[in-house]
Amino acid sequence: MNYSTLFETIKGYLENDFPATAFTDSAGTGTATLTSTEQINTFITQAEQRIYNSVQFPPLRKNVTGAVTNGNKYLSSPSDFLAVYSLAVINASGAYSYLLNKDVSFIRESFPTPTATGLPAYYALFGPTVANSTISNELSFILGPTPDATYTVELHYYYYPESITTASSGQTWLGDNFDSVLLYGSLVEGYTFMKGETDLISMYNGKYMEAMAMAKRLGDGMERGDAYRDGQYRQKVT
């Protein structure tokens, strides 16, 4: 299901074109207008966020490489970073060494002297990046011990894929492969916005949960195994 089909389907199911709405701006100095498209796009993006935080689909993972330098125990995260899948240091011979996730207090206690260097073995989420006394919204990592040379690092991490509302093609992996969960998730958000009848909200939410169960079967089940390792699924004959 592409964006335009999803957009029109939401309006059709809810029997609402969501006409433009005027509201007072946050400063209280004037009014602004929320268009029909903006309202429906909000329902869709809210649904996407719920789905992406409920099922760990492979398309939610991204891979990047960077570098840590001699004497610098901090590493900045990508701008779209949400959570770590894995973090590895690659030495000069190309060998991978995967770091263990700890908290900041462990790093500080285990490696209290920043000038004591070595091949990093641990990492922790440290906090926002600070540049020129300006705190950014992005996180950084602290490594232990402090790197003793310049190393390539490879980070696999979770992120939010581009929303179907902004994709230039009007298509995303979720819309192409699991449009049911995206549609019903959007309907739940839209009908909640409309303050609709309880029984219909329950119906839409029930359909959403049915679709979510199928999505979890794929993302948290089928895509994490195969017949060679797990054997083929068999339903007991009664």
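The values are calculated or read from the model by the stated rules, or taken from the named source; none is laboratory data. These figures come from a predicted structure and were not determined experimentally. Positions of Cβ are generated from backbone atoms using ideal geometry, with glycine treated the same way; all protein chains shown enter the neighbour counts. We work out accessible area using only protein heavy atoms, side chains counted, and drop any ligands, DNA or RNA first. Shrake-Rupley method; radii C 1.70, N 1.55, O 1.52, S 1.80 Å.
Of all residues in the range 62-105, those satisfying the criterion of being under 15 Å from Phe126 (Cβ atoms) and without any contact (Cβ under 8 Å) to a residue 24 or more places away in the chain are Asn101, Asp103, Ser105.
Residue-wise test of (1) at pLDDT 95 or above; (2) touching an Asp or Glu at 6+ places or on another chain (Cβ under 9 Å); (3) buried (at least 17 other Cβ atoms within 10 Å of the Cβ).
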residue: Gly144; (1), (2), (3): no, no, yes
residue: Ala149; (1), (2), (3): no, no, no
residue: Val153; (1), (2), (3): yes, no, yes
residue: Tyr160; (1), (2), (3): no, yes, no
residue: Ile164; (1), (2), (3): yes, yes, yes
residue: Gly175; (1), (2), (3): no, no, yes
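One line per residue, one yes/no per condition, for (1) open to solvent by less than 60 Å² (accessible area, probe 1.4 Å); (2) of a type in the set (A, V, I, L, M, F, W, C):
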position: Ser169; (1), (2): no, no
position: Tyr184; (1), (2): yes, no
position: Val188; (1), (2): yes, yes
position: Asp199; (1), (2): no, no
position: Ala211; (1), (2): yes, yes
position: Arg217; (1), (2): no, no
position: Gly221; (1), (2): yes, no
position: Asp226; (1), (2): no, no
position: Arg234; (1), (2): no, no
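The lone criterion from (1) farther than 20 Å from Glu189 by Cα; (2) over 23 Å from the mean Cα position of the chain (by Cα); (3) at pLDDT 90 or above left unmet by Asn63 is number (2). Does Lys195 satisfy the condition of being free of Cβ contacts under 8 Å to residues at least 60 places away in the same chain and either under 25 Å from Gln56 (Cβ atoms) or small (Gly, Ala, Ser) (or both)? No. So Ile135 clears everything in (1) modelled with pLDDT of 95 or more; (2) farther than 23 Å from Thr65 by Cβ; (3) open to solvent by 30 Å² or more (accessible area, probe 1.4 Å) except one condition, right? Which one? Answer for Ile135: the failing condition is (1).
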